[in-house]
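Down below is the structure, laid out as structure tokens.
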Amino acid sequence: MKTSVALPVRLSLSVSMALAALLAISLWQSSCAKPALTQHVYPCTDRKIDVNAGAATGVDQDTVVVCGGQKIKWQEKNKEDWEVEFAASPFQQGEKKIKKGGAPPSTVVHLPDDTPFKYSITVNGQKHDPQIIIMGGT
């Protein structure tokens, strides 16, 4: 019976350097991983939208951002006549039309994702198309 003897494995200098370089690169890449994203905090408060006949969109704020559970109120700056109309209501009680002097709409619905709602506002007989974005996840 033949006895086998384990021979020490010797790596050439170039193979050793290549392995060391691979190890260094992999450690470097893992240390440069992107840090965890921190959550952006958006202040959830009721919003007032200023109706303005002189503004290109009929309101001072072309896009209004609001969180679910908050209220939106339109108010005129210069005694303009106005009426707001939504194709799909963003309000908990389903209001689609809001008029100057009428009851304010209910609170905004809670949605899982950020969702834009286009609406039209007629100011002194001229129709405009601003939008509202409801922040999701609240």
So Gln93 ticks every box in (1) over 14 Å from Val51 (Cβ atoms); (2) surrounded by 15 or more Cβ atoms within 10 Å (Cβ to Cβ); (3) not β-branched (Val, Ile, Thr) but one. Which box is left unticked?
(2)
Quick check on Val123: is it of a type in the set (Val, Ile, Thr), in contact (Cβ under 8 Å) with a residue 40 or more places away in the chain and within 16 Å of Asp50 (Cα to Cα)?
yes
For Ala103, only one of the following conditions fails: (1) surrounded by 13 or more Cβ atoms within 10 Å (Cβ to Cβ); (2) without any contact (Cβ under 8 Å) to a residue 12 or more places away in the chain; (3) of a type in the set (Gly, Ala, Ser). What is its number?
(1)
For residues in segment 70-90 being surrounded by fewer than 18 Cβ atoms within 10 Å (Cβ to Cβ) and among the hydrophobic types (A, V, I, L, M, F, W, C), which is nearest to the chain's Cα centre (by Cα)?
Ala88
Out of (1) assigned to a loop (DSSP other than H, G, I, E, B); (2) at pLDDT 95 or above, the one Lys79 does not meet is (2)
For residues in segment 106-138 being outside any strand (DSSP E or B), more than 13 Å from Val64 (Cβ to Cβ) and open to solvent by less than 50 Å² (accessible area, probe 1.4 Å), which is modelled with the lowest pLDDT?
Gly136
Of all residues making up segment 54-69, the number that are open to solvent by 40 Å² or more (accessible area, probe 1.4 Å) and assigned to a loop (DSSP other than H, G, I, E, B):
5
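The values are calculated or read from the model by the stated rules, or taken from the named source; none is laboratory data. Only a predicted model underlies this, so the values are computations on that prediction, with no experimental measurement involved. Using ideal geometry, Cβ is built from the backbone for each residue, glycine included, and neighbour counts are taken over all protein chains shown. Protein only, heavy atoms only, side chains kept; ligands, DNA and RNA dropped before computing areas. Shrake-Rupley method; radii C 1.70, N 1.55, O 1.52, S 1.80 Å.
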